[in-house]
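> Below is one structure. I have some questions about it.
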């Protein structure tokens, strides 16, 4: 009987294919792509049917074909029925059948993938996407680093992108009652400026529209690595490009062995669970084996390498969580001290404009604001309050002086310190001078920080008397420019110690700036990008926590254990070796042990597969990369990029990828997951979005997934990579893996494009973060940290530190790094190794440069590319025919150098020179200059004063020395420079002839 | 029968009257924009969505495509007041003011620029071709010249969207602080709001009668005098909280305030170039301090002002 049913099912499949082709042109086109014979049969050969595809037509015949192109061989009849008779088979069983070889598919890889994708298309062919509008456009949805958008498309072209206003169909918003008033957020997804530049980026004239090869790169002859960044490109076909890349990958393995290829990505590509680097790219890399270029936590630095040693939370990279804090702050807090904290620029992270309204509520409630920052940053500009301009890199001295006042005048929570902390007596002795004979008075700090003693004393007293929130970094819970200097770890450590003295966790005493966390439902599961998407990577993503279980897929693994620390990449190539320290949030201890490149047994790197190209704008002392790129040991450089920018000009082969509007993806706004657990707590509403493929890829560009797939197909790995799925099929699998199906159907979700997760009832909101700790209760924050073994005594009681308490003197440093003079267990103030105390340098380079995370771009994303962001005067200013990066300086410093507003200036030190446009104002004090990091443009020009970059990559000027020896902590904000008016006549010639225009 | 007809006629007439009133009601309602300068943080979403809307898009009858470079139909001006550390900034979004007595309409003469009944001013993308002179006709500099199309262009209040039922122009929707609000209301209602919220327009002396209004415009147009008061208390110099500070011009008191916990005080909304003021600072524990402050083009932060111990302390 079952055999009869199976026969009927196999017969019916023919009809289903024929009907789908008749009804759906896209299906018909896809079916027409291949002519072949596909056999489906039982393993014993007793039953089967084969399907002949010819010019978009299909017919079938019962029986066994002597030589099919593709054969799907199934173990037995029940299994065959389970998969073939059921349109939605259990994905767990499908993956199990594949992994245990119950179902085997034989044949040429690209035909296998085509057939499996064709079978999946039966299910997706009739689906409707987006909402047709009255004006003839179709309204799609997407989400970006800066928030979600509607995308209106007419005739295959994007007309506009707009914010999404929620409707009465969407879940209601939360309301917070505070001080006799009620606060409910806008029914709108507010977005960052860079989100609204997306259309201009899609249609940028800097788009790479076809594959290219450097003209003097001959894979079979002279490769001329010395000409990278100099010679131009020629257009080649996709087949040629992919053949070169696939052949080179094989050659590297054969000639040099595993590890010869490094795969190196930029951190924040675009958004989504499929096309993200932690998803599609990692799966690609794992199937090939690659030397990992391991990132340092460059936005967190001082917190991971410093603060974590006093309170733990390594799984948040040394940052606290923030559940319940928006409500607590509005109800209880009297003053917010912003310290290196500019949420109006960085939007927390990915938070659009969501926190802004809440900070304006705080202003309405009369909460006082203080801003400690070398720059009167946009947050200070909007909110007002006292600006305390501090000299960069001296923050820890001011923190010590504040704590001195507290200790001296008894303005701290003595009971809390006695019961919830350890080591305070030793710390107090240091503050009061018993340890080293130096009292850390406000007067003591004045010569370091430039902040008058009476200002520090006034702040300390007010802080000691009032219920205060300390806002460190954009999200308020850590990060911040002060953690990225030579004293970054000292500062971050100080912040934790200050909180400990003020009774961290008590009502109104906490960290934050109303960016985190709103009262949302964090129990609803939807994966964030760090959950690893389709990667199957269980070590370097958070996939194993939920995603790997929720979305059954075939795991992958990188068998190459060799790694290069990202900050040391140039040395690894040029010197052939380097040492680094690990970013691994699973313990406090992991960071102490060095790792070395090369690793015994693995090949040094001879091929670089570069995904994106942001190094010049984002890595310290980045002109090092030029020599690395031109090093003779680097035999091949591939760059997969959307735009011709940054490092793309140093590649041998350029593979043009498309933007997220030209491919399918699915994602939740601002949900990072992993080390940034429950980051959607920055938002007013949790929004999960279908990232529609709004238009076809421009030119010959392809999605990242498709490029990876087509390379892997040349190695027979396409079926394993894709599991027979298109990107849309993977979106469905992510959808199914989440809790969405219990709330909205796949069909409705595809059409509408988003779902708003309802806020919990007021009774079930999370209590404020650290309240459990202040009250010595069982932890009630819904975060999976510390790990069970990391509690000092009872599970759920206390912190990750050895004592379970906040430690004024760090036990983990004392145990594992006691002899490190740059990171003592007792957090002494040690002046920066590049700063005001380095007399030899400051005489030549008297200006301290702060390069902050940018406001209008997301790192390099949306900068350059002739995006409309280039027209924002606070981002770039056009002089002549070029948009220059903006350097802010005080009029006094400008006058001393005969610099006028919007003059071009040469910013330089021993490491290099960058041309910027001067912006004169009193928002920076004399002696400090402020600029963004992350220029996407790198446009080197040779002058009689050496090379200058016209693009604005100021990381050319920043030091690559780690903050503290024995760490990988970068310190770009300890950077001394000089500035002069730029005489353009000094320019001799461009080092680069490679322009898009030169390509036929 | 007659009565029935009469009733029917009556009903018809009544319905027509109601319709007319309704149409007039709509016709009476006009678009206005209100921008709160104190809430503008230079986020630029307003400028960016306008470019998103117009670059590469042609709206026949409304606007031809905006060039990708060189046009800022919404443009944000910056003013920085004071000096370190007492500094504040103000951002002023500027755009076509949709004036009721628009000089550009007068200059166009032939209807190349016209004001719709809902108050929105449109440059006809056909009729205005070649009229570079219209760029200079706007005293606010809000008209831009499209060299390629030989066309004057400017922000059109997103009329192309409002006519399709959109509730507000895109710049209003995109602003994260709510600094921009648009109102479709009768002029009388608008004028009530102008009085109530102390709204102003740019260049009122031009008598162009803009429909774009500003709140807290003083942040951009006026000046402040500020200072930080310190004093030696118990052997250490400290910020002096609670000192009484009076602002006088001649013998006339203009304003009075108290220093905050940083000892700071600030008198705002003072006219630029309004001359010499005197500041009088008093505190029960210290001698009175008096100093002059001159206001020129810029605000005046007086820096630290130190109060001394009285020469002969008063009896308690």
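The values are calculated or read from the model by the stated rules, or taken from the named source; none is laboratory data. Note that the structure is predicted; figures quoted are calculated from it, not measured. Cβ: placed from backbone, ideal geometry, glycine included. Neighbour counts: every protein chain shown.
> Of all the residues that make up the stretch B:255-285, how many are without any contact (Cβ under 8 Å) to a residue 24 or more places away in the chain and over 22 Å from residue B:88 (Cα atoms)? Break it down stepwise before answering.
To start, the set of residues in the stretch B:255-285 that are without any contact (Cβ under 8 Å) to a residue 24 or more places away in the chain comprises B:255-258, B:260-261, B:284.
Filter once more, keeping what is over 22 Å from residue B:88 (Cα atoms): B:284.
The qualifying residues number 1.
> Kindly state which strands (runs of 3 or more DSSP E) lie completely within the stretch A:528-624 and contain at least 2 residues that are touching a strand residue (DSSP E or B) at 6+ places or on another chain (Cβ under 7 Å), in the same structural domain as residue A:287 (by TED's automatic domain parsing) and surrounded by 19 or more Cβ atoms within 10 Å (Cβ to Cβ).
A:563-565, A:578-581, A:607-611
> Sticking with this structure for a sec: Hey, any hits in the stretch B:246-261 for a residue that's surrounded by fewer than 22 Cβ atoms within 10 Å (Cβ to Cβ) and within 14 Å of chain A (Cβ to nearest Cβ)?
At the first step, the residues of the stretch B:246-261 found to be surrounded by fewer than 22 Cβ atoms within 10 Å (Cβ to Cβ) are B:246-258, B:260-261.
Then drop every residue that is not within 14 Å of chain A (Cβ to nearest Cβ), which leaves B:260-261.
Checked against the condition, which is being surrounded by fewer than 22 Cβ atoms within 10 Å (Cβ to Cβ) and within 14 Å of chain A (Cβ to nearest Cβ), the stretch B:246-261 yields at least one hit.
> Six or more apart or on different chains, Cβ atoms under 9 Å: show the pairs whose first residue is in the stretch A:247-261 and farther than 13 Å from residue A:609 by Cα and whose second is in a helix (DSSP H, G or I).
Matching pairs, first to second residue: A:253/A:288.
> Taking the stretch B:53-78 as the region of interest, how many residues are without any contact (Cβ under 8 Å) to a residue 60 or more places away in the chain and either part of a strand (DSSP E or B) or at the interface with another protein chain (Cβ under 9 Å from one of its Cβ atoms) (or both)?
Qualifying residue count for the region: 8.
> So which residues in the stretch A:859-873 are farther than 18 Å from residue A:938 by Cβ and touching a residue at least 40 places away in the same chain (Cβ under 8 Å)?
Step one: of the stretch A:859-873, the residues farther than 18 Å from residue A:938 by Cβ are A:868, A:871-873.
Answer for the stretch A:859-873, where residues must be farther than 18 Å from residue A:938 by Cβ and touching a residue at least 40 places away in the same chain (Cβ under 8 Å): A:868, A:872.
> Within 12 Å of residue B:63 (Cα to Cα), assigned by TED's automatic domain parsing to the domain that holds residue B:94 and outside any loop (DSSP other than H, G, I, E, B): is that true of residue B:152 in this structure? Before the answer, list the steps.
Working: within 12 Å of residue B:63 (Cα to Cα): yes; assigned by TED's automatic domain parsing to the domain that holds residue B:94: yes; outside any loop (DSSP other than H, G, I, E, B): yes.
Spelling it out, residue B:152 is indeed within 12 Å of residue B:63 (Cα to Cα), assigned by TED's automatic domain parsing to the domain that holds residue B:94 and outside any loop (DSSP other than H, G, I, E, B).
> If we keep just the residues of the stretch B:298-316 that are modelled with pLDDT of 95 or more and part of a loop (DSSP other than H, G, I, E, B), which is farthest from residue B:234 (Cα to Cα)? Break it down stepwise before answering.
Let us first name the residues in the stretch B:298-316 that are modelled with pLDDT of 95 or more, namely B:298-307.
Now drop any that are not part of a loop (DSSP other than H, G, I, E, B), which leaves B:298-299.
Values: B:298: 37, B:299: 34 Å.
Here the residue is B:298.
> Of the residues that sit in the stretch A:288-324 and are in a loop (DSSP other than H, G, I, E, B) and touching a strand residue (DSSP E or B) at 6+ places or on another chain (Cβ under 6 Å), which one is surrounded by the most Cβ atoms within 10 Å (Cβ to Cβ)? Lay out the reasoning, then the answer.
Taking the stretch A:288-324 as the starting set, the residues that turn out to be in a loop (DSSP other than H, G, I, E, B) are A:289-290, A:295-300, A:312-313, A:317-324.
Now drop any that are not touching a strand residue (DSSP E or B) at 6+ places or on another chain (Cβ under 6 Å), which leaves A:290, A:319-320, A:322.
Details: A:290: 25, A:319: 30, A:320: 28, A:322: 33.
Only one residue tops the list, namely A:322.
> Among the residues of the stretch A:910-919, is any within 16 Å of residue A:841 (Cα to Cα) and either surrounded by fewer than 18 Cβ atoms within 10 Å (Cβ to Cβ) or within 27 Å of the chain's Cα centre (by Cα) (or both)?
Yes - at least one qualifying residue is present in the stretch A:910-919.
> Scanning the stretch A:876-889 for residues that are free of Cβ contacts under 8 Å to residues at least 40 places away in the same chain and either part of a loop (DSSP other than H, G, I, E, B) or under 22 Å from residue A:484 (Cα atoms) (or both), which turns out nearest to the other protein chains (Cβ to nearest Cβ)? I'd like the intermediate steps shown before the answer.
The first filter runs over the stretch A:876-889 and keeps only residues free of Cβ contacts under 8 Å to residues at least 40 places away in the same chain, leaving A:878-881, A:883.
Among the residues that remain, those that are also either part of a loop (DSSP other than H, G, I, E, B) or under 22 Å from residue A:484 (Cα atoms) (or both) are: A:880-881.
Details: A:880: 12, A:881: 9 Å.
Top of the filtered list is A:881.
> Residues of the stretch B:91-102 being under 18 Å from residue A:873 (Cβ atoms) and either more than 9 Å from chain A (Cβ to nearest Cβ) or at pLDDT below 95 (or both), which ones? Step through it out loud before you land on a result.
From the stretch B:91-102, those under 18 Å from residue A:873 (Cβ atoms) are B:91-95; that's our starting set.
Those that are under 18 Å from residue A:873 (Cβ atoms) and either more than 9 Å from chain A (Cβ to nearest Cβ) or at pLDDT below 95 (or both): B:92, B:93, B:94, B:95.
> Among the residues in the stretch A:980-987, are any more than 14 Å from chain B (Cβ to nearest Cβ) and buried (at least 21 other Cβ atoms within 10 Å of the Cβ)? Working first, answer last.
Initial filter on the stretch A:980-987 (more than 14 Å from chain B (Cβ to nearest Cβ)): A:980-987.
When the remaining residues are screened for being buried (at least 21 other Cβ atoms within 10 Å of the Cβ), the result is A:982.
Yes, the conditions are met somewhere in the stretch A:980-987.
> Please indicate, with yes or no, whether at least one residue in the stretch A:475-488 is within 14 Å of chain B (Cβ to nearest Cβ), at negative phi and out of contact with any helix residue (DSSP H, G or I) (no Cβ under 7 Å at 6 or more places or on another chain).
Within the stretch A:475-488, not a single residue is within 14 Å of chain B (Cβ to nearest Cβ), at negative phi and out of contact with any helix residue (DSSP H, G or I) (no Cβ under 7 Å at 6 or more places or on another chain).
> Something else: Answer yes or no: is there a residue in the stretch A:206-217 that is surrounded by fewer than 16 Cβ atoms within 10 Å (Cβ to Cβ), in a loop (DSSP other than H, G, I, E, B) and within 14 Å of chain B (Cβ to nearest Cβ).
Taking every residue of the stretch A:206-217 in turn, none turns out to be surrounded by fewer than 16 Cβ atoms within 10 Å (Cβ to Cβ), in a loop (DSSP other than H, G, I, E, B) and within 14 Å of chain B (Cβ to nearest Cβ).
> Working carefully through the options B:122, B:105, find the one that is more than 14 Å from chain A (Cβ to nearest Cβ), more than 23 Å from residue B:217 (Cβ to Cβ) and assigned to a strand (DSSP E or B). Talk me through it step by step, then tell me what you get.
On the way: B:105 fails: assigned to a strand (DSSP E or B).
Every option except B:122 fails the conditions.
> Which residues, counting only those in the stretch A:806-839, are within 27 Å of residue A:674 (Cβ to Cβ) and in a loop (DSSP other than H, G, I, E, B)?
A:810, A:817, A:823
> Given the conditions (1) in a loop (DSSP other than H, G, I, E, B); (2) more than 14 Å from chain B (Cβ to nearest Cβ), and given that residue A:191 satisfies all but one, which numbered condition is not satisfied?
(2)
> Only one of these conditions is not met by residue B:151: (1) buried (at least 21 other Cβ atoms within 10 Å of the Cβ); (2) more than 23 Å from residue B:66 (Cα to Cα). Which number is it?
Result: residue B:151 fails condition (2) only.
> Quickly run through the stretch A:363-384 and pick out the residues that are within 11 Å of chain B (Cβ to nearest Cβ), free of Cβ contacts under 8 Å to residues at least 24 places away in the same chain and assigned to a loop (DSSP other than H, G, I, E, B).
The answer is A:384, and nothing else.
> Take the residues in the stretch A:840-875 that are outside any loop (DSSP other than H, G, I, E, B) and within 18 Å of residue A:350 (Cα to Cα); name whichever of them is nearest to the other protein chains (Cβ to nearest Cβ).
A:869
> Of the residues in the stretch A:427-472, how many are away from chain B (no Cβ under 14 Å) and surrounded by fewer than 19 Cβ atoms within 10 Å (Cβ to Cβ)?
9
> Another question about this same structure. Inside the stretch A:325-337, can you point out the residues that are in contact with a strand residue (DSSP E or B) (Cβ under 8 Å, 6 or more places away or on another chain) and either away from chain B (no Cβ under 14 Å) or surrounded by fewer than 24 Cβ atoms within 10 Å (Cβ to Cβ) (or both)?
So in the stretch A:325-337, the residues in contact with a strand residue (DSSP E or B) (Cβ under 8 Å, 6 or more places away or on another chain) come out as A:325-331, A:333-337.
Listed by number, the residues that qualify are A:325, A:326, A:327, A:328, A:329, A:330, A:331, A:333, A:334, A:335, A:336.
> Could you check how many residues of the stretch A:150-174 are in contact (Cβ under 8 Å) with a residue 40 or more places away in the chain, touching a strand residue (DSSP E or B) at 6+ places or on another chain (Cβ under 7 Å) and either facing chain B (nearest Cβ under 8 Å) or within 17 Å of residue A:518 (Cα to Cα) (or both)?
1
> Inspect all residues belonging to the stretch A:180-188 and state whether any of them is surrounded by 16 or more Cβ atoms within 10 Å (Cβ to Cβ), part of a loop (DSSP other than H, G, I, E, B), touching a residue at least 60 places away in the same chain (Cβ under 8 Å) and within 9 Å of chain B (Cβ to nearest Cβ).
For the stretch A:180-188, residues surrounded by 16 or more Cβ atoms within 10 Å (Cβ to Cβ), part of a loop (DSSP other than H, G, I, E, B), touching a residue at least 60 places away in the same chain (Cβ under 8 Å) and within 9 Å of chain B (Cβ to nearest Cβ): present.
> Please state which one of A:929, A:914, A:892 is facing another protein chain (nearest Cβ under 10 Å) and either closer than 27 Å to residue B:83 by Cα or outside any loop (DSSP other than H, G, I, E, B) (or both).
Values: A:929 fails: facing another protein chain (nearest Cβ under 10 Å); A:914 fails: facing another protein chain (nearest Cβ under 10 Å).
Within the list A:929, A:914, A:892, the selection yields A:892.
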